[in-house]
1. Give the shape of region 42-110 as rounded, prolate or oblate, defined through the alpha-carbon gyration tensor: a ≥ b ≥ c are the square roots of its eigenvalues, a/c under 1.5 means rounded, and otherwise the shape is prolate if a/b is larger than b/c and oblate if not.
2. First compute the accessible area of the chain with a 1.4 Å probe, then give the percent of it belonging to carbon and sulfur atoms.
3. Taking θ = phi - 60°, what integer Hz values does the Karplus form 6.51 cos²θ - 1.76 cosθ + 1.60 yield along region 77-90, in sequence order, with x for Gly and Pro?
4. Hey, what number do you get for the chain at 222 nm if only DSSP H runs of n ≥ 4 count, each worth -39500 (n - 2.57), divided across all residues, to the nearest 500?
5. Stretch residue 49-residue 4 to full length: gain in nm at 0.36 nm per residue minus the Cα-Cα span?
6. Towards the positive end of the charge dipole of the chain, with charges on Cβ (+1 Lys, Arg; -1 Asp, Glu), say which of 11, 76, 28 has the farthest Cα.
7. Classify region 1-89: rounded, prolate or oblate, from the alpha-carbon gyration tensor (a ≥ b ≥ c, eigenvalue square roots; a/c under 1.5 rounded; otherwise prolate if a/b is larger than b/c)?
8. Taking H as built 1.01 Å from N, whose amide H comes closer than 5 Å to the amide H of residue 29, not counting residues under 5 places away?
Amino acid sequence: MDCIFCKIAAGEIPSKKVYEDEQILAFYDIEPKAPVHVLVIPKQHIAGAAAVTAENAAVVAHIFAAIPQIAAELGVTDFRVVTNNGVDAGQTVHHLHFHILGGARLGEMA
Ligand code: AMP
Ligand code: ZN
């Protein structure tokens, strides 16, 4: 499948890794929108939040269990977690990912 985040998960495209285990990977966003901007992805391809099901949701729980650890490693106590689903919501990479944004006072969004 021609998916950039599958390629990053497989190590075929380099990334600046922050955290990795068998199921998930966290790496720095190439175009940071905040002083700290990391993406957390499942290694398995899930197209986005709308493709999360009872069958694959365990990896999403796993991501959320890892997020405090990742944030601590990044040195942020205050952070925002965002996922964009669909083009109108700003999703450009159609592989589920959670943005961790922090390191500054973030503007209101939601
Ligand atoms: P979204 O717009 O929510 O789909 O987020 C996709 C994010 O992936 C954007 O913030 C991009 O800057 C980021 N991105 C795209 N390609 C790469 C890459 N090769 N390495 C790291 N981040 C990337
Ligand atoms: Zn993928």
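1. Because a/c hits 1.5 or more and a/b fails to exceed b/c, region 42-110 counts as oblate.
2. C and S fraction of accessible area: 55 percent.
3. 9, 10, 7, 10, 10, 9, 10, 9, 10, x, 4, 5, 8, x
4. Working: 2 runs with 24 residues, N = 110.
Result for the chain: -7000 deg cm²/dmol, rounded to the nearest 500.
5. Taking residue 49 through residue 4 to full extension adds about 14.5 nm, to one decimal.
6. Positive-end residue among those listed: 76.
7. On the way: a/c = 1.34, a/b = 1.22, b/c = 1.09.
Rounded, since a/c falls under 1.5.
8. HN-HN under 5 Å from residue 29: 37, 38, 39.
The values are calculated or read from the model by the stated rules, or taken from the named source; none is laboratory data. What you see is a predicted model; the values in this text were computed from it and never measured. Glycine gets a Cβ as well: all are built from the backbone with ideal geometry, and neighbour counts include every protein chain shown. To get the accessible areas, we keep the full protein, side chains included, count just its heavy atoms, and leave off ligands, DNA and RNA. Shrake-Rupley method; radii C 1.70, N 1.55, O 1.52, S 1.80 Å.
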